[in-house]
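This report refers to the structure that appears directly beneath it.
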Amino acid sequence: MWDGQAAVDALPVVLKGFGITLLATVLGFAVAAVLGLVLALVGRTAPRWVAAPVNGAAAFVRSTPLLVQLFAAWVVISSLDALALGVLVLGVHYAAYLSEVYRTGIDSVPKGQWEACTALSLPRRRVWRAVVLPQAVRNVLPPLGNYAVAMFKETPLLSVITVHEMVHEANTFGSTHFAYLESFTLAAAVFLLASWPTSVLVRRLEARLAEGA
């Protein structure tokens, strides 16, 4: 049976956990976005002896579950704060995927743009900074948004390394007050209210970019 008072008592606890969930998502995605771009650029521009091991490492990260990576990192880097470790693992895990997203965006830049830069004898660094990357990043904004939402929904896995994110807090409240239904329902509602509008905005952005293409 639904207990209204238990739900009222659980709400502040769930919202406190939501703050940690949001923080982990924002910081983790910032790491993933920057590191993913670096991986894409290394794979595209670095010598083969550098690019090959980097691409191999990214493929290894993509092929192993996030939960396993969290446990492994927790064992190897146990001295690091749990939240900082969770953010680092989230960032590295999703960077491996975002590197492929960025690579697709780079490949989508029209061949004529590259040829024009070559004809104008523009420095390589300027070509990437002023011509290629602005177009590539614009083209991949929707998938970047989708991965941000996916990361947000995977933050409950951080509870295995004792990060007090929203689901962890809901579970703790449920076990101490025998109110699992109320606490987990509120956590699910917060996830829905936070992720659904973001997903809608991503779809609208994708549609707008498609119209402008």
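The values are calculated or read from the model by the stated rules, or taken from the named source; none is laboratory data. From a predicted model like this one, the values you see are computed outputs, not experimental measurements. Cβ placement follows ideal geometry from the backbone for every residue including glycine, while neighbour counts extend to all protein chains displayed. Side chains included, ligands, DNA and RNA excluded: accessible areas come from the protein's heavy atoms. Shrake-Rupley method; radii C 1.70, N 1.55, O 1.52, S 1.80 Å.
Numerical summary
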item: Cα long-axis angle, helix 180-212 against the chain (0 to 90 degrees, to the nearest 10); result: 20 degrees
item: Residues Ala30 and His177, FRET efficiency given R0 of 25 Å [Cβ-Cβ distance, rounded to 0.05]; result: 0.10
item: Apportionment of accessible area to carbon and sulfur, the chain, percent (1.4 Å); result: 68 percent
item: Crossing angle, helix 4-45 versus the chain [Cα axis fit, 0-90 degrees, rounded to tens]; result: 20 degrees
item: Helix 48-63 vs. the chain, principal-axis angle (Cα, 0 to 90°, nearest 10); result: 30 degrees
item: Whole-number D in µm²/s for region 115-213 (Stokes-Einstein; Kirkwood sum over Cα pairs; 10 °C, 1.306 mPa s); result: 94 µm²/s
item: For region 97-108, 3J(HN,Hα) per residue [Karplus equation, 6.51 cos²θ - 1.76 cosθ + 1.60, θ = phi - 60°, Hz, x = Gly/Pro]; result: 7, 5, 4, 6, 5, 4, 4, 5, x, 5, 5, 7
item: Average accessible area per residue (Å²) across the chain - probe 1.4 Å, nucleic acids and ligands excluded; result: 56 Å²
item: Largest-first ordering by accessible area, 1.4 Å probe, given options Ser183, Ser63, Ser175; result: Ser63, Ser175, Ser183
item: 37 °C / 0.692 mPa s Stokes-Einstein diffusion coefficient of the chain, Kirkwood radius on C-alpha pairs, µm²/s; result: 170 µm²/s
item: For region 91-147 and region 8-39, distance of Cα centres in Å; result: 26 Å
